[in-house]
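Here the structure comes first, spelled out in structure tokens, and everything after it is commentary.
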Amino acid sequence: MSLLRPFAAALLALGLSTAFAQTPTYRFSPVNQWDINKTAAYWNPIIQYVSEQSGVKLQLKIGRTSADTTSYVLAQEVEFIFSNHMFSPEREALGWKVFGRRNAPPLHGQIAVPADSPITKLEELAGQEVAFAGPEAFVGYKVPYAYLLSKGVEVKTVFGGNQNAAIAQMFAGKAKATGSNSMLIDGYARRENKKFRILWTSEPYHDLALMASGKVPEKDLKAVAGAFLGMHRDARGREVLRRASAEVGLDADAHFIPASSSDYAAYRRFYQNAPASLR
């Protein structure tokens with residue numbers, strides 16, 4: 001009988017390994033919020049943990065710019081995303097499901113200038129270059145740019161590709177101001193020891209959403225969601241989150257919490273009144 005036990009254990013391990021090998025690999029694309037290296041440093045250990053805990057294989061797919069995740073969605077090249085680019089009426093019709101978000105403080109769209117800039121009013125930006133992450137950046141581009149348009153302030157838009165690059169352009173003197181996500185400009189200023197001054201701040205918006213394509217089977221979605229949302233309750237998960245957050249300047253307690261489509265009502269309100277070019 002004792003001779004059979006190792007054989008049975010080997011068969012069980014082989015069966016589990018085969019089952020995992022037969023599990024489809026889903027592609028996960030987070031918006032490139034910082035730059036490609038920092039975004040990878042944040043997400044790689046998280047995705048490895050979620051894959052191991054859920055038994056569902058996730059493969060990280062990061063774009064060079066903040067707009068690339070949306071391109072992957074529209075080309076049906078990804079099944080899971082971390083994004084806030086999917087709440088316009090046309091994109092909501094694609095059937096992506098919100099299942100979580102980060103427990104970060106609310107995000108605000110902001111228009112900022114270097115602390116020593118002579119500019120003190122938005123009107124003084126008329127005709128000047130203002131740097132933004134990219135045309136898909138909701139909080140960092142669409143929200144502040146829509147406000148500038150509503151006040152009749154025409155600026156020359158410069159796209160950096162991601163938020164770090166846009167902020168760096170401002171501090172390098174290549175743009176007079178930047179439109180930004182409040183969390184990202186605060187983090188950049190701390191990391192780089194830079195000082196800035198806020199000219200305008202928007203209403204609050206929830207952080208980006210964890211979302212799944214409607215094509216993902218319910219059992220796989222539940223497994224992946226459970227792994228994300230349970231990370232902070234597991235010792236190893238907490239350590240993964242702590243180290244990942246330190247890489248990008250997030251709060252040490254940043255983790256993922258349940259969310260639903262209703263949490264993103266403020267995004268929908270924006271699209272109801274936004275200029276056609278920003279919808």
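Remark: region 138-155, residue by residue, has Karplus-estimated 3J(HN,Hα) of 6, 6, x, 10, 4, 5, x, 5, 4, 5, 4, 4, 5, 9, x, 9, 8, 10 Hz, where x stands for each Gly or Pro and the curve is 6.51 cos²θ - 1.76 cosθ + 1.60 at θ = phi - 60°. Remark on the chain: ratio of C-alpha radius of gyration to 2.2 N^0.38 Å is 1.13. A cut-off of 5 Å between modelled amide H atoms, ignoring neighbours fewer than 5 places along the same chain, links residue 259 with 100, 101.
By the Cα gyration tensor, region 107-205 has an equivalent ellipsoid whose semi-axes, rounded to whole angstrom, run 17, 15, 13 from largest to smallest.
Scoring 234-247, 59-72 by mean Cβ neighbours within 10 Å over their residues and listing the highest first yields 59-72, 234-247.
What do you get for the angle between helix 182-192 and the principal long axis of the chain? Use alpha-carbon atoms, 0 to 90 degrees, nearest ten. Rounded to the nearest ten degrees, it is 90. Candidate cross-link partners of residue 38 among the lysines, defined by an alpha-carbon separation under 30 Å and a same-chain spacing of 8 or more, comprise 57, 61, 97, 142, 156, 174, 176, 194, 195, 215, 222.
Backbone phi angles across region 88-98, fed through the Karplus curve with coefficients 6.51, -1.76 and 1.60 (θ = phi - 60°), yield HN-Hα couplings of 6, x, 5, 7, 4, 5, 6, x, 6, 10, 7 Hz in residue order; Gly and Pro are listed as x. Taking region 131-158 and a reference point 7 angstrom along Cα→Cβ of residue 276, no backbone N atom is nearer than 12 Å.
Taking the 0 to 90 degree range and rounding to the nearest ten, how far is the long axis of helix 235-248 tilted relative to the main principal axis of the chain, both from C-alpha atoms? Computed tilt is about 30 degrees. Our coupling estimate for region 43-59, obtained by passing each phi through the Karplus curve with A = 6.51, B = -1.76, C = 1.60 and θ = phi - 60°, is 7, 4, x, 5, 5, 4, 4, 4, 4, 5, 6, 8, x, 10, 6, 10, 10 Hz, Gly and Pro reported as x. Looking at region 87-196, the trypsin sites (Lys or Arg not before Pro) that sit in a DSSP loop and have at most 14 other Cβ atoms within 10 Å of their own Cβ are 121, 151, 174, 195. Remark on residue 60: its backbone amide H falls under 5 Å from those of 28, a criterion applied only to residues 5 or more positions apart or on other chains, H modelled at 1.01 Å from N.
Proximity of backbone amide H atoms, modeled 1.01 Å from N, is registered between residue 196 and 115 at under 5 Å, excluding neighbours fewer than 5 places apart on the same chain. Restricting region 112-197 to GluC sites (Glu not before Pro) that sit in a DSSP loop and have at most 12 other Cβ atoms within 10 Å of their own Cβ leaves 154.
Computed from the coordinates by the stated procedures, all read-outs in this text should not be read as laboratory data. Please read all numbers here as calculations on a predicted model, not as lab measurements. Glycine gets a Cβ as well: all are built from the backbone with ideal geometry, and neighbour counts include every protein chain shown.
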